[in-house]
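Report on one structure; see the data block that follows.
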Amino acid sequence: MMLNRAKQTLKDVFGYSSFRPLQEKVIASVLEGDDCLVLMPTGGGKSICFQVPALTIEGITVVVSPLIALMKDQVESLKQNGVNAEFLNSSISEEDQAYVVKRALAGDVKLLYVSPEKMNSESFYYTLLQLNVNLIAIDEAHCISSWGHDFRPDYKRLGYLKKQFPKIPIMALTATADPLTQKDILVQLKLARAKVFKDSFSRPNIYIEARPAYKRKEVILDFIQKRGEESGIIYCLSKKNTEDLSRYLRNNGVQSGFYHAGMNSDIRNRIQNDFINDRIKVVCATIAFGMGIDKSNVRWVIHHNLPKNIEGYYQEIGRSGRDGLPAHALLFYGQQDYGILESFNEESERKVILNARLERMLLFAQSNHCRRKLLLNYFGEWSVEDCGECDNCRGKQQLFDGTVMAQKALSAVARLQGKLPKELLPKVMAGHRSPEILAGRFHEIKTFGAGKDVSIADWELIVSQLINLGYLKIEYEQGTILALTPLSNKVLFEGEGVQLHHLHQKIKREKQVEIKKARPVVSFTHEQGLFERLRKLRRDMAVEKGVPPYILFSDATLMEMVAHRPTNEWDMKEISGVGNKKWELYGQAFVDEILAFLNDKKNKAKPAYHKTFELYKKNLSPEVIAARTGLNIITVYSHLATLFEKGESVDIEQYVLPYEKRRVQVILDKNPGMQLQQVYEAANKQIPHHIIRLAMSLLKN
């Protein structure tokens, strides 16, 4: 019964006809009152796992989230779907926080997002005692683990929740946690009986590519120019890199901005807002950028430098293609980057672990094996199948049968039972009697020197391949100790073969500076035309509403509209992502645009605003026109402004008060070129968007 209610909520509120398989299992478990650990890739639908139960069960769901921008983004998105959601963090005044708490206590809030600092405060603890909390969701749960790549001390203090609120189910969610971090999340949150749900870490829509750091600027510019209006993020190692690269791109005609911690927070916020509102298409940033936004139509991510670890790399490339459409991840790597990052770890108490993870990142970048398989194996999702869709799979690589070598190495690790560090296995195989080998008595095992016909340097390459391919893993909590995996047993006991790349194979990728064009999001020219019209309508309506375009509808939703071309309410609500509230706010405008497109194709119809003009000439008010046509009132005013700009006899001045027009003029005189949303903010949000739109049209003429 409850699960059926949850499915109806999914359709009515979020506009989706069915859950993804793992989502349904997680939600069913939560509805039974279970604690859960949920591992899903970015874009896999984690938020649905707690948002739907929040709206299905009586009471309020409290969501712990580490980033202010992410909270704002998700709360705004929920509100656009008609959900009573709020957030509490340091970005709002104490007075506003008190008002939010008052509403929550009155039962007027269904989802309350809070920062970990707020969640740990004494005052909020007493608030929790008074609330009818039905679920506590801890997003970005990897932040609780000191083994994770983004450890935050405030998260670690959340361990008190299970003890203080034993009857409230707790859901921990993350997209980036290796097996060690997964275990630590459960320990730190004291979720002894939690059910663990793991989705595949595979993101098949992302094409993964890595190349040496050669002519990076030129390659990046070529890459971007072949991608038209697509949005993307370039991650850089230093502040100076972000500024220099952004300047280079701007000088070559690319709308670009830079973002790093050394900038004024107001400027950083402006850059982020410009990006999420599609005013610029590229941001060159240090790693902090992107964590606080849910922008679904980022089509590519470039790493200008080698990342610190695979977890961070995976999280960052996951910011592309969140809508499920094709995306591209391009990584540059070099020994210079490796040396700089290694020096950063020098003073850390966790130096050994950090360096081991950095080395693993370099191994990934340098590898000739399937990149998707390497990522899956790293996260404990043991895979032997190549993806066929990364740079290595598409390239022609020479393989040889390395089964015997692999069996010898795996046998040595098995015999030493958790005592052998990664750096010593090549010496054991080559029979090298170094002091460390003798001290550990590693020379006494049967397989010592079993590969003495191969040099230590070559064994280092073999061991690196075995780790990358998932036949060996590093137990990071023990430094660099090696251990077997489920794939190891298949090689040792089931006769499975191992294919390795030739040890001295040279891949001169620095010559591969040609960048192929992106796989098109839309296949046919006429479909592209409708997609662009819907995207422009989305952008215009988003500006009027003061929200990012992707909050209205994702690119994937627009693509489904292009494919099915709904022309009425019933058909539009069958489109994924169009719930009841979204239909009420925006649906008719998109139906009108589709109808106009279809009529344009037949050369029978005039633009969408023609009907508005015909009714206006009958002396009908904008409100009546909206009622007659089913258009949103904001769309009607926008039509009238467009008609005025085209020279039609439309008196839009009657809708604008003199002081409103003067105020807009003063703002534009001081800041020529300001966009509508910027004028709205400069006017302290005291003049409605549609009035500003009309005033700007008046001032143009």
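The values are calculated or read from the model by the stated rules, or taken from the named source; none is laboratory data. In this text the structure is predicted, and so the values were computed from the model without any measurement. Cβ: placed from backbone, ideal geometry, glycine included. Neighbour counts: every protein chain shown.
Observations, loosely collected:
- Taking the numbered list (1) in a helix (DSSP H, G or I); (2) outside the structural domain of I456 (by TED's automatic domain parsing) in turn, V384 passes all entries but (1).
- Residue that is touching a strand residue (DSSP E or B) at 6+ places or on another chain (Cβ under 8 Å) and either of a type in the set (S, T, N, Q) or not in a loop (DSSP other than H, G, I, E, B) (or both), where the choices are L362, L358, L376: L362
- Checking each residue in the stretch 93-122 for being outside any helix (DSSP H, G or I), under 20 Å from L158 (Cβ atoms) and not aliphatic (A, V, I, L, M) picks out Y113, S115, N120, S121.
- Exactly one residue out of M674, M696 is in the same structural domain as L558 (by TED's automatic domain parsing) and either modelled with pLDDT of 90 or more or among the β-branched types (V, I, T) (or both): that is M696.
- For the stretch 182-203, the set of residues classified as modelled with pLDDT of 90 or more and out of contact with any strand residue (DSSP E or B) (no Cβ under 8 Å at 6 or more places or on another chain) consists of K183, D184, V187, Q188, K190, A192, R193, listed by residue number.
- Scanning the stretch 364-384 for residues that are surrounded by fewer than 18 Cβ atoms within 10 Å (Cβ to Cβ) and among the hydrophobic types (A, V, I, L, M, F, W, C) yields W382, V384.
- Some residue of the stretch 460-471 being among the aromatic types (F, W, Y) and surrounded by fewer than 22 Cβ atoms within 10 Å (Cβ to Cβ): no
- If the condition is being without any contact (Cβ under 8 Å) to a residue 40 or more places away in the chain and not in a helix (DSSP H, G or I), then the stretch 686-701 contributes Q686, I687, P688.
- Among the candidates N251, N277, N241, residue that is closer than 26 Å to E140 by Cα and either at pLDDT below 90 or surrounded by fewer than 21 Cβ atoms within 10 Å (Cβ to Cβ) (or both): N277
- S47 vs. criteria outside the structural domain of D266 (by TED's automatic domain parsing) and either surrounded by fewer than 19 Cβ atoms within 10 Å (Cβ to Cβ) or free of Cβ contacts under 8 Å to residues at least 12 places away in the same chain (or both): no
- Complete set of residues in the stretch 328-345 that are buried (at least 23 other Cβ atoms within 10 Å of the Cβ) and either in contact with a Leu (Cβ under 9 Å, 6 or more places away or on another chain) or at pLDDT below 95 (or both): L331
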